[in-house]
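Computed from the coordinates by the stated procedures, all read-outs in this text should not be read as laboratory data. Everything quoted here is computed from the prediction, not taken from an experiment. No Cβ is skipped: glycine too gets one built from the backbone with ideal geometry, and neighbour counts run over all protein chains shown.
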Amino acid sequence: MFSSLPIATPGLRVGLLGGSFDPPHAGHLHISRWALKEFGLDRVWWLVSPGNPLKPRGPASLERRMTACRDLVNHHPRIVVTDLEAQFGTRYTAETLAHLFELYHGVRFVWLMGADNLANFHRWEKWSEIMKTIPIGVLARPGEQIRAGCSPAARSYHNNRLPARRSTALPFRKAPCWALLTGPMMDVSSTEIRARGDWQE
């Protein structure tokens, strides 16, 4: 049914990093390696989206972004670049997760996001359902810590926050459960790279 699904066996701990990756950059690699270590993950899958419903500007072609992601990852043994949303025909995270849980029984998925995304998480389609579906690992972004910590999502699920010192337990926790990591950050974004003209069709 699907052309190239990544392999994951029951019990594997897999972080899911969704985004446009338009373009991918060193910051994506940084948070992926960080998540592998601090959340005790076996793999991180990059879910390269066909398009972000919250962004009016259409991204570069999926083929170009997938190629750029693979070049950046450079055969990292634990980071996998995927086009699962294009294969599933989904645009929203809740829909994508439903497909993943149907296909990968017993895999311990964790949704990964930057603190800037947590700050805006309440704008996502079915965001509360997502919270109740999958543990969420939030990684620091420059200038976003206070806004993320005061966000509607953080306030609504304050009692479900896992202390950072116990972050490796996240894949084993039942949702809703989330953890916020603070530490070394990389101040780089896809928006800035596009603005500099370093990523053009």
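Worth a mention:
- Net dipole in debye of region 13-195 [+1 Lys, Arg Cβ; -1 Asp, Glu Cβ; about Cα centre; nearest 20]: 540 debye
- The Cα-based radius of gyration and maximum Cα-Cα distance (Dmax) for region 55-158 are 15.2, 39 Å.
- Rel. contact order, % - alpha carbon contacts under 8 angstrom, at least six apart, region 1-134: 34 percent
- What the Cβ-Cβ distance of THR182 and LEU5 gives, at R0 = 41 Å and to the nearest 0.05, is a FRET efficiency of 0.75.
- Fewest-first ranking of VAL81, VAL107, using other Cβ atoms within 10 Å as the exposure measure: VAL107, VAL81
- Cα-based Kirkwood hydrodynamic radius, region 13-195, one decimal, Å: 16.4 Å
- Going by neighbour counts of Cβ atoms within 10 Å, the residues LEU17, LEU162 line up, fewest first, as LEU162, LEU17.
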